Amino acid sequence: MTIRFETLAQLPFFAGLDEEALQRIALHVLEHIVSPGQVVILEGEPCRAVYFVIRGLLREHRMSLDGREQVLAYVGPGGSFNLVSALDGGTNVATMDALSEATVYAIPCKSFRQIVAEHQEVGLAVSQYLAGEVRHLSDLVESLALHPVRSRLARFLLDHAEGSGSHGRWTQEEIAAQIGTVREMVGRTLRAFVNEGLMRRERGRVVVVNRQGLEDEAEGRA
């Protein structure tokens with residue numbers, strides 16, 4: 001499928017380029033339609049391309065040797081993934097799978113490195129994007145290393161609720177992958193939160209009852 005340069009111009013990475021440059025870059029771009037649950041790249045495999053999300057939502061995660069999963073990020077329209085591997089020539093640093101049907105643009109690693117070398121605007125955009133990823137991962141490492149499961153779970157519940165009475169439909173396994181623990185620990189902590197009057201469950205949903213109490217837990221003030 002022919003990629004229109006106008007679509008590329010809407011991506012933050014290429015917004016500063018003129019039409020001629022965009023048309024040349026478009027020659028290297030392949031479009032992929034991804035089904036929900038489909039794995040786009042697999043951790044540890046050779047890097048074949050860098051990807052740009054046009055629509056849909058994808059999940060970046062890693063798996064330990066004992067089967068524990070850690071979600072690193074969610075990537076939606078305008079985002080990108082596999083930049084590090086495309087730039088340093090190493091293997092894929094994480095697995096990416098689709099949470100919904102998605103459209104992604106792929107540029108082969110060698111072609112992308114050449115694009116970055118030729119266009120200062122793209123190199124700057126890549127640097128800014130990677131800086132944001134480093135900041136996000138630094139915050140994630142701090143949370144996993146310095147905060148107990150109760151605090152991390154309280155913060156998760158607060159982040160996914162708009163206010164008292166808001167709810168979410170995350171499974172315990174999904175929450176565990178988000179906050180860096182195991183499903184059993186999430187289950188025990190949720191039960192403790194229910195017993196302490198911080199939240200309740202309604203038909204599989206988690207409903208925040210005491211927002212201030214959860215905020216105290218999240219900040220380690222409880």
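The values are calculated or read from the model by the stated rules, or taken from the named source; none is laboratory data. Not measured: the values here are computed from a predicted model. Using ideal geometry, Cβ is built from the backbone for each residue, glycine included, and neighbour counts are taken over all protein chains shown. Please note that ligands, DNA and RNA were not included when accessible areas were found on the heavy atoms of the full protein model with its side chains. Shrake-Rupley method; radii C 1.70, N 1.55, O 1.52, S 1.80 Å.
Averaging the sequence gap over all C-alpha pairs within less than 8 Å and six or more residues apart, then dividing by the number of residues, gives the stretch 35-147 a relative contact order of 34 percent.
Leu137 sits among other residues whose Cβ lies under 13 Å from its own Cβ, and their net charge, with Lys and Arg +1 and Asp and Glu -1, is -2. Computed with a 1.4 Å probe on the full set of protein chains, the accessible area for Asp139 sits at about 90 Å². Projecting the Cα positions of Phe14, Ile41, Ala26 onto the charge dipole of the stretch 1-57 (unit charges on Cβ atoms of Lys, Arg, Asp and Glu, taken about the Cα centre) puts Ile41 furthest along the positive direction. Applying 1/(1 + (r/R0)^6) with R0 = 35 Å to the Cβ-Cβ distance of Arg113 and His160 gives a FRET efficiency near 0.40. Largest accessible area first, the residues Glu60, Glu133 order themselves as Glu133, Glu60 under a 1.4 Å probe with ligands, DNA and RNA left out. Mean sequence separation of contacting Cα pairs (under 8 Å, at least six apart), scaled by the length of the stretch 173-222, corresponds to a relative contact order of 19 percent.
For the pair Ala192 and Thr171, a Förster radius of 25 Å applied to the C-beta separation gives a FRET efficiency near 0.85, rounded to the nearest 0.05.
Put a plus charge on the Cβ of each Lys and Arg, a minus charge on the Cβ of each Asp and Glu, and nothing anywhere else: the dipole of the chain about its Cα centre is then about 740 debye. The distance between label points at Val84 and Glu19 comes to 3.9 nm (points 7 Å beyond Cα on the Cα→Cβ vector). Per residue, the average separation of C-alpha pairs within less than 8 Å and at least 6 apart gives the chain a relative contact order of 19 percent. Relative to the dominant Cα principal axis of the chain, helix 149-159 is inclined by about 70°. How charged is the neighbourhood of Gln38? Take every other residue with its Cβ under 13 Å from the Cβ of Gln38, and add Lys/Arg as +1 and Asp/Glu as -1. Result for the neighbourhood of Gln38: -1. The stretch 39-108 and the stretch 117-132 have their alpha-carbon centroids 18 Å apart. For the stretch 1-66, what Kirkwood radius comes out of the mean inverse Cα-Cα distance, in Å? So the Kirkwood estimate lands at 14.1 Å. Per residue, the chain reaches -13000 deg cm²/dmol at 222 nm when only DSSP H runs of four or more residues are counted, each adding -39500 (n - 2.57). Using a cut-off of 12 Å between beta-carbons, work out the net charge of the residues near Val194 (Lys and Arg +1, Asp and Glu -1, Val194 not included). Value of the local net charge: +2. Take the Cα coordinates of the stretch 21-171, assign each an equal point scatterer, and use the Debye formula without solvent to give log10 I(q)/I(0) at q = 0.15 Å⁻¹. Each listed q corresponds, in turn, to -0.89. The modelled label-to-label distance for the pair Ala9/Asp216, using points 7 Å beyond Cα in the direction of Cβ, is 5.6 nm. Heavy-atom accessible surface of the stretch 1-154, averaged per residue, reaches 54 Å², computed with a 1.4 Å probe.
Surface calculation, 1.4 Å probe, protein heavy atoms: Thr171 sits at approximately 70 Å² accessible.
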